[in-house]
Amino acid sequence: MKLGILFISGFLSAAMTAFPLSAMAADSECVASNATHALYSGDNPAQVDAIFRDMHLEARHAVDHADKLHLFARNSNLTWESDVSQLQPIKEEINEMGGQVCRLEAMRAEVAPRQQAEIDRIATTIRLMADHAEDAISFGNSHRQGLWLAPYRRYADNLYHESELLARTLRY
């Protein structure tokens, strides 16, 4: 299985005047960053567990930010900058975990079936998180004054639930 990872870039404009979104899906090839390759060496099953531990920490960070975003989406008195302050780190966590999934996919054939199943589950959840983040950002691009509306709240809720599920269930 190849993972089409969503890299959300250009999220914050220099002037902080909009929610710019430039998304790129890498459907044909999943390439882990050099930093990810350098962090793990040795026995692949042990490497997979180390990546799972790192991803658990990343997921916990995403939960913290998604929880705040979840609360912000229910307050019409907050400015869109409040939401940006939480979406930006969520985007970074998703991108980091996406790179780790690439590394896991590269080692997939050499690990136990239990780890293969976990890789599949993680990849699916991260893809959902990326989709929810993209939806939230797209909605924010066109409705900066309506980030408390039901569609945006749904995106924020989905981000929270998916990140919480990943953090709670990631096994290593």
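A few remarks follow.
- Proxy reagent accessibility, fewest Cβ within 10 Å first, across MET55, MET129: MET55, MET129
- Shape of region 69-172, Cα gyration tensor, a/c cut at 1.5: prolate
- Counting neighbouring beta carbons within 10 Å and listing from fewest to most, the residues LEU57, LEU128, LEU166 come out as LEU57, LEU128, LEU166.
- At an R0 of 25 angstrom, the distance between the Cβ atoms of ALA46 and GLU92 translates into a FRET efficiency of 0.40.
- Test item: Cα-centred dipole of region 84-172, Lys/Arg +1 and Asp/Glu -1 on Cβ, debye: 140 debye
- The order of LEU165, LEU69, going from fewest to most other C-beta atoms within 10 Å of their C-beta, is LEU165, LEU69.
Each reported figure results from applying straightforward, stated rules to the coordinates on display, with no laboratory input. Please read all numbers here as calculations on a predicted model, not as lab measurements. Ideal geometry is used to build each Cβ from the backbone, glycine not excepted, and the neighbour counts take in all protein chains shown.
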